[in-house]
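Just below is one structure, and these are the notes that go with it.
Read-outs throughout are calculated quantities, based only on the coordinates presented, and are distinct from any laboratory measurement. None of these values were measured; they are calculated from a predicted model. Neighbour counts are summed over all protein chains in view; Cβ atoms, including those assigned to glycine, are modelled from backbone coordinates with ideal geometry.
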Amino acid sequence: MTTHDNAAPGRSRQWRRVRWIALAVVVVAVGVGAIFGSRLGKDPTLVDSPLIGKPAPTATLPNLEGNGAVSLADLRGRIVVVNFWASWCVACREEHPALVSAANNYRAAGVVFVGVNYQDQRGAAIGFLDEMGRGDPSAYRYVTDPGSKLALDFGVFGVPETFFIDRDGTVVGKIAGPSSYQLLSTSLDEILAGRTPRSRTEGSVQPAPGR
């Protein structure tokens with residue numbers, strides 16, 4: 001009887017230690033889960049592009065529809081908005097009307113939009129534009145990117161991503177994720193005023209299917 005009584009306090013202390021250890025494990029697990037949970041759905045590349053403040057990549061890209069091509073180098077002297085998009089991209093559908101409106105409204109200010117179709121089928125991309133509408137041809141050019149070379153040069157992980165290039169050919173801003181008319185107009189107004197717009201992350205980008 002005495003032996004049993006003496007052993008009880010020891011077992012009690014042991015169980016208290018076990019409970020504290022279990023509680024500590026739970027706290028750590030919750031903390032780690034919160035950290036990783038806050039990053040779910042966000043790509044680690046959604047930060048200011050390393051291209052900001054550097055010369056924009058140049059390339060000559062085939063038109064999405066018809067013959068001919070668009071040379072980014074030939075657009076030097078104009079403000080250029082380069083938007084990477086795809087027909088399979090949900091957020092691209094969301095932002096498309098804002099891009100078209102901004103392109104049409106800023107055309108007179110010497111702004112040109114270049115929509116770069118990203119890892120897509122030409123027929124599907126044209127079908128997207130048939131459904132959603134196109135910007136004025138003088139203000140909005142739609143091109144393909146064979147081999148995703150330009151996307152690689154810009155460091156694109158998924159779509160949509162939008163880059164702003166000033167008249168000197170320097171990348172001065174970026175929107176990662178879906179843009180809005182307010183974001184586009186605010187950035188363009190800053191560039192037109194000679195200021196550098198703030199790069200923004202608006203949600204996550206969508207990688208190509210199977211990537």
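Quick look at the values:
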| item | result |
| --- | --- |
| Distant-in-sequence amide H partners of VAL114 (H built 1.01 Å from N, under 5 Å) | VAL81, VAL82, ASN83, ARG141 |
| Ranked packing of 83-89, 146-152, 93-99, most packed first, by mean Cβ within 10 Å | 83-89, 93-99, 146-152 |
| Amide proton proximity set for VAL70, modelled H, under 5 Å, gap of 5+ | LEU61, ASN63 |
| Derived scalar couplings ³J(HN,Hα) [region 150-157; Karplus, 6.51 cos²θ - 1.76 cosθ + 1.60; whole Hz; x for Gly, Pro] | 5, 4, 5, 5, 7, x, 6, 9 |
| For region 170-186, Karplus couplings with θ = phi - 60° (6.51, -1.76, 1.60), whole Hz, Gly/Pro x | 9, 6, 10, x, 8, 10, 9, x, x, 8, 10, 4, 5, 4, 5, 5, 4 |
| Trypsin sites (Lys or Arg not before Pro) within region 172-201, DSSP loop, no more than 14 other Cβ atoms inside 10 Å | ARG195, ARG198 |
| Farthest positive-ward along region 60-201 dipole, Cα basis, beta-carbon charges - from GLY169, SER185, ALA91 | GLY169 |
| 3J(HN,Hα) from dihedral phi, region 110-115, Karplus parametrisation 6.51/-1.76/1.60, rounded to Hz, x for glycine, proline | x, 9, 10, 9, 10, x |
